[in-house]
Amino acid sequence: MKQAFSILIIFLISINGFAQCDDIDKLELGGTYSSRTRNYIPFGIKHKDSIERENTFYPYDIKNIEEYSDFILKKAKEYIVKRANIDFYNKLVMGEFQVNYLDNVKAEYDKPELYELANYNVTYWILFTYRNNGFEHAFGLEFDKDGKMVSENKFPDLSLNPEFENLTEPCLALQKVKSDERFKNKKVDFIELAYIDDINSFCWLVKEKRKQVEKLGVSEYSVDLFYVNVNTNEIELIKKENGTVIACGYKLTKKTKD
């Protein structure tokens with residue numbers, strides 16, 4: 001009995017160590033909830049699960065365009081289930097349904113004629129949140145009026161990667177990156193779940209933290225983004241992010257009493 005108790009204690013400790021590590025507090029929501037364009041009207045999707053970003057105000061309920069949205073949502077489900085499967089689809093939470101208009105038509109909420117979508121050349125942008133064992137990845141898919149998916153792929157093709165939902169722990173990815181010579185003397189900015197279509201796989205994206213600006217004015221910076229395959233824990237890709245940062249400041253003067 002004593003031996004069994006000791007084994008149990010060791011097992012529990014190993015699990016806890018597997019899930020917790022330095023910089024795991026920098027794990028963020030992967031992907032983005034960004035819109036496809038700026039010229040759109042958003043609608044809230046009512047379903048049995050809670051709506052993503054519940055406090056967001058939607059000017060109109062999706063029932064106002066039900067004739068069109070039902071068809072697009074059906075086509076979206078067909079595309080997702082065909083590329084992945086029904087289990088993957090059931091892990092998704094739909095958060096927003098956006099109708100995108102061409103630039104020559106201004107998207108205004110108070111114009112009922114804009115909801116007669118058959119009269120306009122529109123596309124539909126649907127925002128999703130993928131949830132898997134507490135990890136989350138946000139993405140959008142765009143469909144044309146015929147229900148054809150016209151945006152880039154945002155999740156793996158199951159037929160080519162049957163294990164794509166078997167995610168490794170992010171701590172393993174952090175350890176992999178930190179042990180790589182190319183990350184020497186660098187710090188972690190954040191880690192998140194990402195997707196790379198070229199390898200048809202989710203990856204853990206570990207971004208290098210930008211160094212502190214030491215002088216005022218305009219400075220250039222360059223950081224590395226490490227993509228670690230969630231199935232093999234191998235570094236698949238390292239991208240370079242270059243940018244500009246502007247540091248501003250002012251000098252404080254100390255007042256003296258007369």
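The values are calculated or read from the model by the stated rules, or taken from the named source; none is laboratory data. Just so it is clear, the model here is predicted, and its values are computed rather than measured. Virtual Cβ from ideal backbone geometry, glycine too; neighbours counted across all protein chains shown.
Can you name the residue in the stretch 133-146 that is part of a loop (DSSP other than H, G, I, E, B) and on the phi < 0 side of the Ramachandran plot and is also surrounded by the fewest Cβ atoms within 10 Å (Cβ to Cβ) among such residues?
146
Got a sec? Which of 254, 186, 211 is exposed (fewer than 15 other Cβ atoms within 10 Å of the Cβ) and modelled with pLDDT of 85 or more?
The match here is 211.
Quick one: in the stretch 147-182, of everything that is free of Cβ contacts under 8 Å to residues at least 40 places away in the same chain and assigned to a loop (DSSP other than H, G, I, E, B), which residue is nearest to residue 102 (Cα to Cα)?
150
Right, residue 105: among the β-branched types (Val, Ile, Thr), within 23 Å of residue 239 (Cβ to Cβ) and in contact with a helix residue (DSSP H, G or I) (Cβ under 8 Å, 6 or more places away or on another chain) or not?
No, not satisfied.
Name every residue in the stretch 93-117 that is hydrophobic (A, V, I, L, M, F, W, C) and within 17 Å of residue 143 (Cα to Cα), in order of residue number.
Selection gives 94, 97, 99, 102, 117.
Does residue 130 fit the bill of being touching an Asp or Glu at 6+ places or on another chain (Cβ under 9 Å), farther than 22 Å from residue 28 by Cβ and assigned by TED's automatic domain parsing to the domain that holds residue 73?
no
Looking at the stretch 84-91, is at least one residue more than 30 Å from residue 171 (Cβ to Cβ) and at pLDDT 90 or above?
Yes, the conditions are met somewhere in the stretch 84-91.
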